Each structure stands twice: as structure tokens, then as C-alpha cells.
Amino acid sequence: MRATTTSLENHRVKLIVEVDEPEMDAAIDAAAKKLSKQVSIKGFRKGKVPKNVLMAHLGGPSALRGEAIRDAIPDFYAHAVSDTLIDPIAQPEINITAGEEEGELVFEADVEVRPEVRIAGQRELRVTIPSPVVTDDEVNAQIDRFRETDAVLRDVDRPIVTGDLVTMDVHVQQIAADEDPLDMGDYMYTVGSGTITEGVDDLILGLKAGEELKLNGSVGGGVVATYELTLKKVQERELPELSDEWVQENTDWPSEDAMRDAIFDQMRRRCPNETRSFWRSVIS
């Protein structure tokens, strides 16, 4: 894949991206694998539909190619942004100029970029920037996000910790306001999400199912209410074992190593943009 840029007026850039045929073939294969898990064709199990049968079902090779282009353009665009070191601040306007039917794919992305800022004395500024190095912990955290989609909830009889899922009855009564109370039964709350009111995530730690928590907190607009939480059940998310088999069944990667390498590469490409954005936010 190759990408070039042309500066336009009003802090806009035209990004011209050329995608080679082997890269398009890989994108088409990925689209076919994804669609084979979604469509139902008599005589074939989901995920096991041959590519030629899938193309016939969709309406021919051009239909599958169109689906592949729609799926792959966001990634191609992201790689082009990283390779050309531009700093977009808005969604691009995409225009495909070649390759919709066959051959090399060429598209243009017209996008607004962050204006260059020049400040007197800038060379003497010193800041601490986020590390551009991707760590194993960051990769593992991203992999765990995939595993969480297939997690199993398991009841636990222990003090609550961050990340637990707590089933509770919630009673909210506004203070000094003529409003009916709000009651929510069997409300499922992820500890640490901060979606009830400020203070809950700290005070709930260490409590157990069967206990109650009462506190005053904001309901927005400067209004304060009393929250009464009756804790009924505590569950933790049990993640599936990470294996080649699980990766093959639940992702588009063929193995755990391939998944790890792809995520590392995606995060490595993103780091320079995040570091550059951080620096510009500091001096803006």
C-alpha cells in the first residue's frame, strides 16, 4: 500500500491511497470469512460456506469485492494516516477512483487536519509524553477485551472488588424536591463504571451480597438525592481460556500468535499519532 498527500485550503489534506492487488485479495478473503459466519445457506454450516458458493449467494464476485472494500477502507485509511504522519481532526470524505471491480484499489480521502501552531519559546518547553513503546500488558489488555465478549458470569461469595457485576435494588429520592422516588429492581452494575453516582465505586468495595449502601449523590443539574442500594448478588466475569481454537472460532485470526502480532502492530501504528496529538494538545 502506498499513500501520498496534497495540501488543500482551510487546513485540509487530500490523501491518495493505492492498495495493491495482493492486499485486496487478503481483504476479500477476510470479508468472505466474516460473511460465511453470518449468512445461512442450505447445506452448509455457518463459517463453513465455500468462497465460490458465498459469491454466488451474494450476487457474484463484484458483490463480495464491494463488501471487502467497505470493510477494509477504514484500516487502509488508518495505515495511510500513520504512514504519512498527518493529524486528522474530523471524519474523512472518501472517494474511490479506481479498482471497484478489479485490480489495484485507489481512493482519495479529503480530511481536515490540525493546524500547525507556532509559539515563541517553543524550543525551551519540556513535557513528559506518553511512551511510544507498546508493552505486553497493553497487548494483553486489548486481547482481554475480545475475551470479555465470550465471558461467563460466575456467582461469588466474597467482598466486592472493582470489575465485579453486582445485582442490586436501587431507590433514589431527590432531596428538597417534590419528585417521586425512582426505583430500579435487579439493576446490574459493573463496579468501577461510575454510572450510578460519584462515590459508589469507592464505598461499595469490600461489601458483600445481602448488605446495603446508602449515600447522597448528584443526579445532575445541581440536584442532590439519597441513593439506597440493596446488594443482592455478586458475580465475576470468567474469561475463556486463550487458545488457538478459541481465536479461530471467535475472531478472524488463525491463531493466538497471529492475533497477538496483529494487535501489537495496530497499537504500534497508533502510538506515533497519539504521541503527536498529545504534544499538540499541550502547546495549543
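The values are calculated or read from the model by the stated rules, or taken from the named source; none is laboratory data. Everything quoted here is computed from the prediction, not taken from an experiment. Every residue, glycine among them, receives a Cβ derived from its backbone with ideal geometry; neighbour counts consider all protein chains shown. Surface accessibility is based on the protein's heavy atoms, side chains included, excluding ligands, DNA and RNA. Shrake-Rupley method; radii C 1.70, N 1.55, O 1.52, S 1.80 Å.
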* Note the angle between two axes, namely the Cα long axis of helix 61-84 and the longest principal axis of the Cα atoms of the chain, as a number of degrees from 0 to 90, rounded to the nearest 10. => 80
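Would you mind getting me the FRET efficiency between Glu93 and Glu238? Use the beta-carbon distance for r and R0 = 35 Å, nearest 0.05.
Values: r = 45 Å, r/R0 = 1.27.
Once rounded, the FRET efficiency stands at 0.20.
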* To do: Please give the per residue accessible area of the chain, computed with a probe of 1.4 Å over protein heavy atoms only, in Å².
  => 61
* Structure fact -> In the list [x] 41, 29, 23; [y] 43, 31, 19; [z] 34, 21, 16, the entry giving semi-axes √(5λ) of the Cα gyration tensor in Å computed from the coordinates is [y]
* Structure fact -> Tilt, helix 256-283 to longest principal axis of the chain (alpha-carbon atoms), in degrees rounded to tens, equals 80
* To do: Select from Leu153, Leu205, Val134 the residue farthest towards the positive end of the dipole of the stretch 134-284; place +1 on Cβ of Lys and Arg, -1 on Cβ of Asp and Glu, and compute about the Cα centre.
  => Val134
* Label-point gap, in nm, between Glu100 and Glu124 - each point 7 angstrom along Cα→Cβ -> 5.7
* Structure fact -> Expected unfolding gain across Asn216-Asp110 under the 0.36 nm per residue rule, minus the alpha-carbon gap, is 33.2 nm
* Hand me the tally of lysine pairs in the chain: alpha carbons under 23 angstrom apart, and the pair either on different chains or 8 or more positions apart. => 16
* To do: Could you list the residues of the stretch 183-204 with an amide nitrogen less than 19 Å from a label point located 7 Å from the Cα of Val224 in the Cα-to-C-beta direction?
  => 196-203
* To do: Can you send over the carbon and sulfur percentage of the accessible area for the chain, probe radius 1.4 Å, protein chains only?
  => 48
* Asked: To the nearest 10 degrees, how steeply does helix 21-36 sit against the main Cα axis of the chain, on a 0 to 90 scale?
  -> 40
* Simple label model, 7 Å out from Cα along Cβ direction - Arg145 to Thr84, nm -> 2.5
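Give, rounded to the nearest 20 debye, the magnitude of the charge dipole that the chain has about its Cα centre when Lys and Arg contribute +1 at Cβ and Asp and Glu contribute -1 at Cβ.
Values: 32 positive and 55 negative charges, 74 e Å.
Charge dipole of the chain: 360 debye, to the nearest 20.
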* Label Arg269 and Val152 with points 7 Å out from Cα along Cα→Cβ: what is the distance between them in nm? -> 3.6
